[in-house]
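Asker: Take this structure, written in structure tokens, and hold onto it; I'll ask about it next.
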């Protein structure tokens, strides 16, 4: 019988702090990223070997995307966007590792014995995705205030153009900004959780689908990490785009090419 819990299952407690299996997955993903960073930093070469090239590949990919689509502030947002992308990618790809989601202990639930895994994909827990969404939300609000000033940012959100429709458009714009917090977290959580269910169902049908599962995990992992990172980047750029359009100098210290576009691809679809 296939058992998938919507919430992360608790494993043990440290005082008032409960440790869940999705937290274990997030910790392991963090350790993998830290180990990769230490390895590359200590053994980096001008002409990279295969291991260094493999580790640098996703960084080079996200670097190119943020540089081309991140507007004038791309240098400032690159570390955050790259970290979010790599963290979600590794956390999702952990489902490929043997034992993740399949090794655990049996517990009784509704009168039936179910397997509670010791390690679970971190993004299948809404707490994880909501935390990342809060970080992204605080970042694009902070950049908006930094570039336009508190009064300018509040004016743009609460009193948008045209002024005649501001009483109507203001609440809509405010709700639109707040909805990004919900959409970022729920989109990632829903897609990763659905992928987890699909993988378990395929494995329950038969081991012949193991290669299909492997491919799905790779695809789901990179797509969801990329979508979340690009949406976070787009929201940051949209929070500063009016400031740049007015020709004021907000991204101090940025020496990017003047030919770079300030508008991300798909920025018009800015809704949550």
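Values in this text are rule-based calculations from the coordinates and carry no lab data. Just so we're clear, the structure is a prediction, and the values are computed from it rather than from any experiment. Positions of Cβ are backbone-derived with ideal geometry, glycine not excepted, and every protein chain shown enters the neighbour counts.
Asker: Starting from the Cα-Cα distance between residue 46 and residue 218, subtract it from 0.36 nm times their residue separation and give me the gain in nm to one decimal.
Answerer: 59.0 nm
Asker: Would you kindly state how much longer the chain becomes between residue 150 and residue 200 on full extension, computed as 0.36 nm times their sequence separation minus their alpha carbon distance, in nm to one decimal? Could the numbers behind the result be given before it?
Answerer: Working: separation 50, 0.36 × 50 = 18.00 nm, distance 4.83 nm.
Between residue 150 and residue 200, full extension yields 13.2 nm more.
Asker: Moving to a separate point now. At 7 Å along the Cα-to-beta-carbon direction for both residue 131 and residue 96, put a label point, then send me their distance in nm to one decimal.
Answerer: Output for this residue pair reads 2.4 nm.
Asker: Most exposed first by the Cβ proxy, i.e. fewest other Cβ within 10 Å, how do 27, 93, 74, 17 rank?
Answerer: By the 10 Å Cβ count, ascending, the order reads 17, 27, 93, 74.
Asker: Multiply the residue separation of residue 112 and residue 173 by 0.36 nm, subtract the distance between their alpha-carbon atoms, and state the gained length in nm to one decimal.
Answerer: Numbers: separation 61, 0.36 × 61 = 21.96 nm, distance 4.83 nm.
Extending this stretch completely gives an extra 17.1 nm.
Asker: If you don't mind, another one. Consider a paramagnetic label point 7 Å from the Cα of residue 211 along Cα→Cβ; state which residues of region 85-100 have an amide N under 20 Å from it.
Answerer: In region 85-100, the label zone of residue 211 (backbone N under 20 Å from the point 7 Å along Cα→Cβ) covers 96-98.
Asker: When only C-alpha pairs under 8 Å and at least 6 residues apart count, what is the relative contact order of region 10-245, in percent?
Answerer: 24
Asker: Order by neighbour count: 67, 120, fewest other Cβ atoms within 10 Å first, most last.
Answerer: The fewest-first ordering by Cβ neighbours comes to 67, 120.
Asker: Would you please give the FRET efficiency between residue 56 and residue 138, computed as 1/(1 + (r/R0)^6) with r the Cβ-Cβ distance and R0 = 35 Å, to the nearest 0.05?
Answerer: The calculated FRET efficiency here is 0.75.
Asker: Got the relative contact order for region 66-139 handy, in percent, Cα pairs under 8 Å and 6 or more residues apart?
Answerer: The value is 22 percent.
Asker: Counting other beta carbons within 10 Å of each Cβ, put 125, 68 in order, fewest first. Each step should come with its number before you reach the end.
Answerer: On the way: 125 25, 68 12.
Fewest-to-most ranking of 125, 68: 68, 125.
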